[in-house]
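We did not get these values from a lab; they are worked out from the coordinates using the rules stated. Being a predicted model, the structure only gives us computed values, none of them experimental. Quick reminder, even Gly has a Cβ in these numbers, built from the backbone with ideal geometry, and neighbours come from all protein chains shown.
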């Protein structure tokens with residue numbers, strides 16, 4: 001980015017009756033001129049619907065073909081980074097918590113885990129496509145667009161959530177930083193281990209062991225990103241045995257070393273994390289607490 005480039009992000013809380021289903025609704029406005037581009041790396045997170053006006057991004061999950069030229073993109077729950085490049089654009093993001101996935105997507109989460117999808121081509125996302133088609137008007141109007149998002153999901157909210165109590169219990173156990181293994185997670189959720197495995201795959205996208213590893217990693221990464229004065233040693237979670245284990249996990253989740261990641265510019269995500277923390281109390285989606 002050059003000195004004339006700007007990235008602005010604003011987060012909006014969903015209405016109180018819908019906060020159990022979403023992380024936030026957020027608008028990112030990127031201005032890099034006519035020919036400018038920015039590149040950044042999304043962190044592992046819950047599912048998202050992103051709707052874009054302007055230069056459409058090119059997005060790529062590790063070891064998959066890039067996805068581009070889409071005004072609407074659904075990203076399933078991820079356990080790896082998404083590298084994206086975009087230009088001058090306005091991007092609305094709608095983050096779906098596991099309970100929100102169960103509420104608004106009639107498909108198991110694991111079938112869309114670590115995938116980028118065109119909602120127009122996937123029957124499971126057919127209820128979302130009308131929002132992609134109608135969100136933006138002739139001129140940018142943030143509050144009108146936010147109202148359209150809210151109305152769209154309110155109209156879909158009559159669908160019953162299967163296993164709601166179990167999803168809530170599992171999510172609460174997952175975000176507890178004291179829980180470090182599957183047995184403790186199962187005990188905290190009040191579920192047999194085999195039931196926990198099934199609930200996690202169906203509604204959270206991954207096995208509980210991987211979800212716990214992702215939580216531990218994201219606690220460490222977000223700590224580092226929010227406080228640049230920290231070294232990686234100062235940021236890593238207490239559940240890591242040593243720095244070598246953290247480095248291995250960094251390669252697993254981000255596809256690069258901590259040093260390589262720290263050397264990259266973060267023109268979009270650095271501001272997004274600070275703004276999310278200020279509004280929602282969590283710097284990344286994976287650390288959002290479940291809301292009752």
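Extension gain residue 289-residue 107, at 0.36 nm per residue separation less the Cα-Cα distance, in nm?
Values: separation 182, 0.36 × 182 = 65.52 nm, distance 2.31 nm.
Once the chain is fully extended between residue 289 and residue 107, it gains 63.2 nm.
How many angstrom lie between the C-alpha centres of segment 205-223 and segment 179-204?
With segment 205-223 and segment 179-204 each reduced to a Cα centre, they are spaced 14 Å.
Applying a 10 Å radius around every beta-carbon, put 77-86, 122-131, 149-158, 95-104 in order of their mean neighbour count, most first. Please report the intermediate quantities before stating the final value.
On the way: 77-86: 21.2, 122-131: 16.5, 149-158: 14.6, 95-104: 24.1.
Top of the packing list down: 95-104, 77-86, 122-131, 149-158.
Please work out the C-alpha center-to-center distance from segment 5-42 to segment 97-145 and express it in whole Å.
15
In Å, what Kirkwood hydrodynamic radius results for segment 111-153 from the alpha-carbon pair distances? Walk me through the numbers on the way to the answer.
Numbers: mean 1/r = 0.0852 Å⁻¹.
After inverting the mean inverse Cα-Cα distance, the result is 11.7 Å.
Sequence gap at least 6, Cα distance under 8 Å: using those rules, report the relative contact order of segment 164-287 to the nearest whole percent. All intermediate terms of the calculation are to be shown ahead of the outcome.
Values: 105 pairs, mean separation 23.9, N = 124.
After rounding, I find 19 percent.
So for segment 6-156, averaging the separation of alpha carbon pairs under 8 Å that are six or more residues apart and normalising by length, what relative contact order in percent results?
Values: 300 pairs, mean separation 38.9, N = 151.
In percent, rounded to a whole number, it is 26.
Which residue, 256, 143, 218, tops the fluctuation ranking in a GNM of the chain built on C-alpha contacts under 10 Å?
143
When the helices in the chain are scored as -39500 (n - 2.57) per DSSP H run of 4 or longer and the sum is shared across all residues, what 222 nm value do you end up with, to the nearest 500 deg cm²/dmol? Provide the component values of the computation, followed by the final result.
Working: 11 runs with 107 residues, N = 292.
Rounded to the nearest 500, it is -10500 deg cm²/dmol.
Based only on Cα atoms, what Rg/Rh ratio does segment 6-156 have, Rh being taken as Kirkwood's radius?
Over the Cα atoms of segment 6-156, Rg/Rh equals 0.93.
Less than 15 Å from a label point 7 Å out along the Cα-to-Cβ axis of residue 259: which backbone N atoms in segment 222-240 qualify, by residue?
Under 15 Å, as judged by backbone N against the label point of residue 259, lie 232-233 of segment 222-240.
Run the quick spin-label model on residue 193 and residue 229: label points 7 Å from Cα toward the beta carbon, then report their separation in nm to one decimal.
4.4
For the chain, with a Gaussian network of springs between Cα atoms less than 10 Å apart, report the residue from 238, 59, 220 with the top mean-square fluctuation.
Greatest mean-square fluctuation among the candidates belongs to 238.
By per-residue mean of other Cβ atoms within 10 Å, what is the highest-first order of 46-54, 257-265? Walk me through the numbers before you get to the answer.
On the way: 46-54: 21.6, 257-265: 13.3.
Result, highest mean first: 46-54, 257-265.
How high is the relative contact order of the chain, in percent, counting Cα pairs under 8 Å that sit 6 or more residues apart?
Values: 526 pairs, mean separation 61.7, N = 292.
For the chain, the relative contact order is 21 percent.
Say each of residue 279 and residue 144 gets a label point 7 Å from the Cα, pointing the same way as Cα to Cβ; how far apart are those two points in nm?
Between residue 279 and residue 144, the label points sit 2.0 nm apart.
Can you sort 233, 73 by how many other beta carbons sit within 10 Å, fewest first?
Values: 233 8, 73 24.
Sorted ascending by nearby Cβ count, the order is 233, 73.
Only Cα pairs within less than 10 Å get springs; with that Gaussian network setup on the chain, which residue of 191, 269, 174 has the largest fluctuation?
Looking only at 191, 269, 174, the largest GNM fluctuation is found for 191.
Give the span of the chain's Cα atoms along each principal axis, as three whole-Å numbers ordered largest to smallest.
53, 47, 35
Run the numbers for residue 62 and residue 244: contour at 0.36 nm per residue of separation, minus the present Cα-Cα distance, in nm. Could the numbers behind the result be given before it?
On the way: separation 182, 0.36 × 182 = 65.52 nm, distance 2.22 nm.
Going from the current span to full extension adds 63.3 nm.
How compact and how long is segment 234-275, expressed as Rg and Dmax of its alpha-carbon atoms in Å?
11.9, 32
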